[in-house]
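S.K.: I'd like to ask you about the structure that follows.
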Amino acid sequence: MDDIKNNLIKLREGSGLTQEALAPKLNVSRSTIAKWESGKGTPNIENLNALSALFIVSLDTLLNGDVSVYEDTPVYAAPTEKEDERPSWA
């Protein structure tokens, strides 16, 4: 599970988000994000889906892939202006 923790760090930092800024987007605490990134815990399937959508990567890439290919591409899905178009996890 080293891939997921490393991918989470790369995606979060590459998007300019702190753990504190990412946490409310997933309805979790900052310490939960820290546990995932340290490998002391793993996101459940709901959070994996939300992370995948938020960072615009497939679950396969998030779990097993090399997200460094996204380094020159913005990977954070910014919230839309219309509230009714926002995903439930935003």
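The values are calculated or read from the model by the stated rules, or taken from the named source; none is laboratory data. As the structure is a computational prediction, the values presented were derived from the model and not from experiment. Here the Cβ positions follow ideal geometry from the backbone for every residue, glycine too, while neighbour counts run over all protein chains shown.
S.K.: Go through (1) surrounded by 12 or more Cβ atoms within 10 Å (Cβ to Cβ); (2) modelled with pLDDT under 90 for Asn6 and report which single condition fails.
M.R.: The failed condition is (2).
S.K.: Identify, please: which residue in the range 41-90 is in a loop (DSSP other than H, G, I, E, B) and small (Gly, Ala, Ser) and is, among those, modelled with the highest pLDDT?
M.R.: Gly41
S.K.: Being assigned to a helix (DSSP H, G or I), of a type outside the set (Gly, Ala, Ser) and out of contact with any Leu (no Cβ under 7 Å at 6 or more places or on another chain) is the filter here; which residues of the range 9-23 pass it?
M.R.: Within the range 9-23, Ile9, Lys10, Leu11, Glu13, Gln19, Glu20, Leu22 meet the criteria.
S.K.: Right, here's the next one. Being within 20 Å of Asp2 (Cα to Cα) and either at pLDDT 95 or above or not in a loop (DSSP other than H, G, I, E, B) (or both) is the filter here; which residues of the range 24-39 pass it?
M.R.: Across the range 24-39, the qualifying residues are Arg30, Ser31, Thr32, Ile33, Ala34, Lys35, Trp36, Glu37, Ser38.
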